[in-house]
Each structure stands twice: as structure tokens, then as C-alpha cells.
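The values are calculated or read from the model by the stated rules, or taken from the named source; none is laboratory data. Here the structure is a predicted model, which is why all the values come from computation and not from measurement. Quick reminder, even Gly has a Cβ in these numbers, built from the backbone with ideal geometry, and neighbours come from all protein chains shown.
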Amino acid sequence: MRLGTFARMGAGLLAAACLMALAAPQTQTQAREELPDERPNIILISTDDQATYDMQWMPITQRLVGGHGIDFTDGLSPHSLCCPARAEMVTGQYGQNNGVHHNTGANGGYHALIDRNNTIGRWLHDAGYQTGMAGKYMNGFNEKYAAPQGWDHWNPYIGGTDFMTTRFYNDGDPVVRRGYVDDISNEYVRSYIDGFDRDRPFFVWISNYAPHRAKKRTGETEYAVAAPRFRGTLADARLPVLDKASFNEEDVSDQPLGARGPKVSAEEMQKRFTSRIESLQAADENVQELVDQLDALGELDNTYIFFVSDNGYLLGEHRLSHKNYIFRESMAIPYQVRIPDADGGAESRMPVALVDLAPTISELAEATPERLVDGVSFAPLLRGEAMTWRDTQLIQTGMSRPAFESWRIRGARTDRYTYGRDVTNGFEQLYDRALDPDEVTNVATDPSYLPVLEEMRRRMEALRDCEGASCSRSFGSMPDPR
């Protein structure tokens, strides 16, 4: 077991170490090889398509992760679709720089990822970390691809899953596993942790499938599937969005074409919601198993645990049941961090995004990103230090249709406004969330908002092709509506 801090070493050993340092200067790598590595372990837990309100039905995760660290209540998935979001998570770059604009198509899926071996797994492995991953990776990854560089254990599932039967990559020796998919992914990662050298830190990623919909063998979609032990346990829970203004919109003529269909069925959305929160119970229970394991190994007080979803989800708001929109419900995600030795939990409204994960984890691990990252590390905040943050967030969506370019909406978001422009037809969306938190009134054509619209256009244009630090510039104050 690694020592908690360098100060806990005996005085004699400390003196000897100092004399050795004077006699023969060492590199950082050499020093780490000769002394226990005190850097923290880092665990990333992700879910798939989880809405923020779903956390009400994950009490274990709330208590053991956010309750011992920070709950970022305005966490964002700025490109809210599975594959682009996951590409952001492992590269720290937006889609215009990592290549992934959608789940499928010429600029979508795993094959579109630029420099596939250059991800956070390699960065931390090169810095001396033991690494492992199990669960969902990027759409299109299969056994024809080699494991990305830097992963001691690489075990995404290949070919999809119906929740109860899953084919795992298994470090290049594919195997079909029967049983609940998220239980199996968590078991794999816990076995990796058990096998790691206790004198070196580790980084692992548990990528849960819930609450994503399952796929039938015919290719049709159905509801999310809960582990057998949780089926029917939350039948009395009520979908929180049923009373929102956006769920009961009457006039949708000012909304995008995709939100102008007939009203969705409240009964159908309730069924989908029930299946989703019941499917999350296994992920919640496995957080307890993980924390118990870390505690037994003496590693809990030296481990950061990040909990996020790849994107949010709409269940009837704006007459939609999907993601890949710039509506808040599509971009808002659970985003919590357990901090070693934290006495309790706190909330932060700082709008951290998925693109900030890789820079943050890298800084905590003292690793160097091997890409020009677009995100910003919020590690100082986790250490209790004050820090400023960007005032405008790039947001965007993509599409896979070959007749058009792969971008659909390019936009920007501030603490008050959400703006987007459809690149295929020029349709603009502008929402004043201070006055319209449910985003039911598109004010892009309201003359009183023209100064706001023009400024949001300017910010979007400045960010749409950004890279590196230019993605987090400060634009200053916004004009007020007339």
C-alpha cells in the first residue's frame, strides 16, 4: 500500500533521501521508481443519456461522490451526442479538432477520431499510471481495431448490447458475457484495481450503458432495461418534467422543425422514464461496491472519483425524446467529483464541460496532454483554490446525412443566453434563460433582442473554429435587451 504523504516517511529515510539527491540528481521518473508514488488514483464513472433529475434516484452516488466533494450543478455536454461527447472526454478537444461530429457518417463514429492512439489513457500511462477501461466506448469501435495505446486493460463492448448479453473486447480476446452489462463492466474494472501494483497510482474508466435504450435483435429500439433485481422497484416514481412549460407547449411555430411535431404522450414518456431510472440502480449500487473496495485496499483517501453522463436527454420537453439539441435538457448532465479527504459535499455553479475532463485529470495526475487541448483544467477548484472561468461556452450538434456537411447547429452559451444557428438553413435560436428557463420562447426575431443576437453571433463565429486557449477566451459583459 502506498504511503499517504511524503511527510509520513521516517526521519532517517527522509535524511537519506536528501543526501542521495545531493549526491546524484534524479529525474522525476527515476525518483518515482525508487519511492512509492504518492499521486492520486483517478476513477471516471460515466453513464449514457442520463438527465440531471435522474440523480434523485441515485442516492448512493450522491452520497459517496458529490457528498464527499463537489456537485457541479451546471455541468455541460456541449456536443450532446454519444460519440462526439466521448471523443471530447478522452481528448479534451471539440469536434472541429478531434474529428468526431456525429455517431455515424464520414465525420462520425470511432473511425473519424483523429490520432486514435493519442488519448488520456496514453497520457497517464506515459506518466506512470496503471490504466484500465470497461464498458461503452465510441460508436463503431470493434475487434478490427487494435486497443488504443496506453491502456493496460482495454475492454469496451463490441457490437452493441441488449443489456443482458454483451460481447466484450477483453484485451483483444473477445468474449460473450451473459448477465447485466453494467454489473459486468464494473466487475471487470474492480478486478483490474485488485491486480494493480499498490505502489503505483491507477486510472480507470467505468463506462455504464444505462439509461440508454436497448436494441432488439431486429434493430428496433425499446426501453432501457434494468437489472432483474431492480425491475419494478420504482414504478411509483413520477417523471419530473410533466409539469414543465416546455412539456406542454401549444405554439411551437418559433422552434426548430424537429420540435414542431405533435405533442408526445405523457403516458409513453412516463414508461420510458421508469425504465431509465430502474436501469440506473445497478450503476448506483456498483458505486458502493467500488468505494468499499477502495476502502478495504486503503486507497479511498487517495482517490478522485469523477461521475458524469455523456449527454443529457429530453423526455417530452419541446415535443422531443432524444438528444443532440442545444436545449438545456440535452446538454445538462450530472457532473460530480469525489475529492480525497473531503469532509462533506459542496455545490458549484461553475459550468464545467466534458471537454474539461481530460485537462483536469491530467493535471491531477501530473501528466502532460499530448494534444493541444481546448478544455481547461478545474483541478485548482478541486484543491480549494479560487479560479476564474470562461464566460462563453461553444455548443454544437452534428449530423450524418451525406447530402450536407456534418455540422448541424453551431452556437454559444453564456450564463444567461443560449444561441444556435442551423448551418443547413440559417434558422436561429436565441433563449433568454433568466426570463425563460424552460426555453419555450425563441427571441431570435424579437427586435428588442437584436443587440444580444448580434453579440451571440459574434461569439459563435469566434469560437466555431477555435483551438486551444482561444476556446476559453473572455468576451466581457453582454448587452442588455432594449
Identify, by number, the condition in (1) on the phi < 0 side of the Ramachandran plot; (2) surrounded by fewer than 21 Cβ atoms within 10 Å (Cβ to Cβ) that THR418 doesn't meet.
(2)
Could you tell me which of the residues ARG229, ARG200, ARG177, ARG217 is among the basic types (Lys, Arg), part of a loop (DSSP other than H, G, I, E, B) and modelled with pLDDT of 95 or more?
ARG200
Restricting to the stretch 65-75, count the residues that are part of a helix (DSSP H, G or I) and crowded, with 22+ Cβ neighbours inside 10 Å.
1
Out of (1) assigned to a helix (DSSP H, G or I); (2) free of Cβ contacts under 8 Å to residues at least 24 places away in the same chain, the odd one out for THR274 is which?
(2)
Name the pairs whose Cβ atoms lie under 6 Å apart, with the first residue in the stretch 174-192 and in contact (Cβ under 8 Å) with a residue 12 or more places away in the chain and surrounded by 19 or more Cβ atoms within 10 Å (Cβ to Cβ), the second part of a loop (DSSP other than H, G, I, E, B) and hydrophobic (A, V, I, L, M, F, W, C), and 6 or more positions between them or separate chains?
TYR180/ALA227; VAL181/PHE163; ASP182/ALA210
Of everything in the stretch 399-420, what is under 17 Å from LEU450 (Cα atoms) and either among the polar types (S, T, N, Q) or in contact with a helix residue (DSSP H, G or I) (Cβ under 7 Å, 6 or more places away or on another chain) (or both)? Give them in sequence order.
GLY411, ALA412, THR414, TYR417, THR418, TYR419
Say we look at the stretch 373-397 and pick out the residues that are of a type in the set (D, E, K, R) and in contact (Cβ under 8 Å) with a residue 12 or more places away in the chain; which of these is surrounded by the fewest Cβ atoms within 10 Å (Cβ to Cβ)?
ASP391
Residues of the stretch 389-425 classified as out of contact with any His (no Cβ under 7 Å at 6 or more places or on another chain), assigned to a loop (DSSP other than H, G, I, E, B) and either within 16 Å of ALA85 (Cα to Cα) or not acidic (Asp, Glu) (or both), total
12
If you check ARG410 against the conditions, is it basic (Lys, Arg) and in contact with a strand residue (DSSP E or B) (Cβ under 9 Å, 6 or more places away or on another chain)?
yes
Is it the case that the stretch 365-372 has a residue that's on the phi < 0 side of the Ramachandran plot, surrounded by fewer than 19 Cβ atoms within 10 Å (Cβ to Cβ) and among the basic types (Lys, Arg)?
no
Which one of these is farther than 19 Å from ASP71 by Cβ, among the β-branched types (Val, Ile, Thr) and modelled with pLDDT of 95 or more: ILE305, ILE277, ILE326?
ILE326
Based on what the data block shows, is ILE114 assigned to a strand (DSSP E or B) and farther than 29 Å from PHE163 by Cα?
no
Of all residues in the stretch 95-109 being touching a helix residue (DSSP H, G or I) at 6+ places or on another chain (Cβ under 7 Å) and of a type outside the set (Gly, Ala, Ser), which is surrounded by the fewest Cβ atoms within 10 Å (Cβ to Cβ)?
ASN103
Looking at (1) among the small types (Gly, Ala, Ser); (2) surrounded by 20 or more Cβ atoms within 10 Å (Cβ to Cβ); (3) at pLDDT 95 or above, which one does SER477 not meet, given that it meets all the others?
(2)
Got a sec? Which of ALA444, ALA469 is among the hydrophobic types (A, V, I, L, M, F, W, C) and in contact with a helix residue (DSSP H, G or I) (Cβ under 8 Å, 6 or more places away or on another chain)?
ALA444
Specify which of the listed residues (ALA259, ALA226, ALA237) is more than 27 Å from ASN41 (Cβ to Cβ), in contact with a Lys or Arg (Cβ under 6 Å, 6 or more places away or on another chain) and assigned by TED's automatic domain parsing to the domain that holds PRO78.
ALA259
Let me spell it out: the conditions are (1) part of a helix (DSSP H, G or I); (2) farther than 30 Å from ASP480 by Cβ, and VAL373 meets all of them except one. Which number is the exception?
(1)
Please work out if ASP438 is modelled with pLDDT of 95 or more, charged (D, E, K, R) and either over 30 Å from ARG122 (Cβ atoms) or not in a loop (DSSP other than H, G, I, E, B) (or both).
yes
Among GLY344, GLY298, GLY316, the single one that is buried (at least 18 other Cβ atoms within 10 Å of the Cβ), more than 16 Å from the chain's Cα centre (by Cα) and in contact (Cβ under 8 Å) with a residue 24 or more places away in the chain is GLY316
